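Data first, discussion second: the structure below is written as structure tokens.
The values are calculated or read from the model by the stated rules, or taken from the named source; none is laboratory data. Predicted, not measured: the structure shown is a model, and the values here were computed from it. Here the Cβ is made from the backbone with ideal geometry for all residues, glycine too, and neighbour counts use every protein chain on show. Surface accessibility is based on the protein's heavy atoms, side chains included, excluding ligands, DNA and RNA. Shrake-Rupley method; radii C 1.70, N 1.55, O 1.52, S 1.80 Å.
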Amino acid sequence: MDQMNDKPNITYITFGGHVELQKYRFLYFAMTFSVYVLILCSNSTILCLIWVRRSLHQPMYVFIAALLCNSLLLSTNVYPKLLIDLLSDVQITSHLACRIQALIYYSLCGSEFLLLAAMAYDRYVSICKPLQYQAVMRKRTVTALLVLAWLLPSCQLVPSLILGDGFKLCKFTLNGIFCNNAVTKLSCMTSAGPYVIYGVFILVSTIFVPLAFILFTYCKILVISCRRGSDVRKRAMQTCAPHLLVLVSFSCLCSYDVIIARLDVDLPKAARSIMTLQVVLYQPLFNPIIYGLKMKEIHKHLKRLFSRSRICVCVALINN
């Protein structure tokens, strides 16, 4: 490890979380690979369905497709490197690559909240101002919201990547199995004040502001739908409930992730490693299940798709 760090302009760090995983690394590899394939298949199936079916070319389903795409990107940022490390005898990465992975990870987490805020706005206009929906939620508006959701978090986090070059490392072992907020604990900081202020700014702008907007929007939807009768209230519940479930789930997982990443408690490395995977384990699997089961139009098309698949398989078996 010291010889690697002697190479000019390259600093390597190791992942300490793999120590207790090495004994059963092939089992963990098989489980992780299966989860990743399941994530790819489940999210891609609904994405392709929305892309192919013209009846689903509406703002609400476009935002759902964007959310599923975000889950795929979030998973792909973590799982391929994790799978390579599980099969390797030494789990290392360059400090720069680690910070880039952490930047992408938190950028996509921020995008998730902003996409959910865009979906809340879409539902608000649809339910509370139905006559203005076509005029407000035009293609240009939807595109602008998507671009903002993906660019804003990454633009806010890029300065941290540049500022990180000025910090010298005091530790070279990361207490985890992939790069997250724990990478900042490796640096020798004489004063963490500016970094904490910068982190609070990121949290407020990409998480707390979208959360406040979402809660306010859904409260308005609830009040207006209750005034307009049972039909409007039922429609509001059918379309808003999946988004709220995803929001609550993702908020809890992100809070959990931040706490574990900064926690100094001496947890078993295997337990800590599994805990740090929560966001990229549950959410990418949770999203397609929720939208596939709870969104009526998507569920209808999925049933048709799987019915046709079963028929094709039966015909192929009979012919053989």
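Just one of (1) farther than 30 Å from R227 by Cβ; (2) at pLDDT below 90 trips up P80, so point out which.
(2)
When you look at Y256, is it at pLDDT 80 or above and either among the small types (G, A, S) or in contact with a helix residue (DSSP H, G or I) (Cβ under 9 Å, 6 or more places away or on another chain) (or both), yes or no?
Working: at pLDDT 80 or above: no; either among the small types (G, A, S) or in contact with a helix residue (DSSP H, G or I) (Cβ under 9 Å, 6 or more places away or on another chain) (or both): yes.
When the stated conditions are applied, Y256 does not pass them.
Filter region 191-235 down to the residues that are closer than 22 Å to L96 by Cβ and either open to solvent by 70 Å² or more (accessible area, probe 1.4 Å) or in contact (Cβ under 8 Å) with a residue 40 or more places away in the chain (or both) and list them by number. Write out each step before concluding.
Filtering region 191-235 down to residues closer than 22 Å to L96 by Cβ leaves 192, 194-195, 198-199, 202.
Hits for region 191-235 are P194, Y195, I202.
Which of the residues belonging to region 165-186 are buried (at least 17 other Cβ atoms within 10 Å of the Cβ) and small (G, A, S)?
G176, A182
Quick one: Q101 ticks every box in (1) open to solvent by 30 Å² or more (accessible area, probe 1.4 Å); (2) modelled with pLDDT under 90; (3) closer than 24 Å to L151 by Cα bar one, so which box is it?
Result: Q101 fails condition (1) only.
Does L157 satisfy the criteria of being of a type in the set (A, V, I, L, M) and at pLDDT 85 or above? Even if it seems obvious, please write down each step before you answer.
Numbers: of a type in the set (A, V, I, L, M): yes; at pLDDT 85 or above: yes.
Judged against the criteria, L157 is a match.
I298: modelled with pLDDT of 65 or more, on the phi < 0 side of the Ramachandran plot and assigned to a helix (DSSP H, G or I), yes or no?
Here the answer is yes, as I298 does meet what is asked.
Return only the number of the condition from (1) at pLDDT 85 or above; (2) open to solvent by 60 Å² or more (accessible area, probe 1.4 Å); (3) of a type in the set (A, V, I, L, M, F, W, C) that I162 does not satisfy.
Only one criterion in (1) at pLDDT 85 or above; (2) open to solvent by 60 Å² or more (accessible area, probe 1.4 Å); (3) of a type in the set (A, V, I, L, M, F, W, C) is unmet by I162, namely (1).
Give all pairs with beta carbons closer than 8 Å in which a residue from region 112-126 that is without any contact (Cβ under 8 Å) to a residue 40 or more places away in the chain meets a residue that is among the hydrophobic types (A, V, I, L, M, F, W, C); count only pairs at least 6 apart in sequence or on separate chains.
Taking only residues 6 or more apart or on different chains, the pairs are V125/V136; V125/M137.
Please work out which residue is farthest from the chain's Cα centre (by Cα), limiting yourself to region 48-60 and to residues that are in contact (Cβ under 8 Å) with a residue 12 or more places away in the chain and surrounded by fewer than 21 Cβ atoms within 10 Å (Cβ to Cβ).
Filtering region 48-60 for residues that are in contact (Cβ under 8 Å) with a residue 12 or more places away in the chain and surrounded by fewer than 21 Cβ atoms within 10 Å (Cβ to Cβ), the one farthest from the chain's Cα centre (by Cα) comes out as S55.
Any idea which of (1) open to solvent by less than 10 Å² (accessible area, probe 1.4 Å); (2) within 14 Å of the chain's Cα centre (by Cα); (3) under 29 Å from F26 (Cα atoms) is the one L82 doesn't satisfy?
(2)
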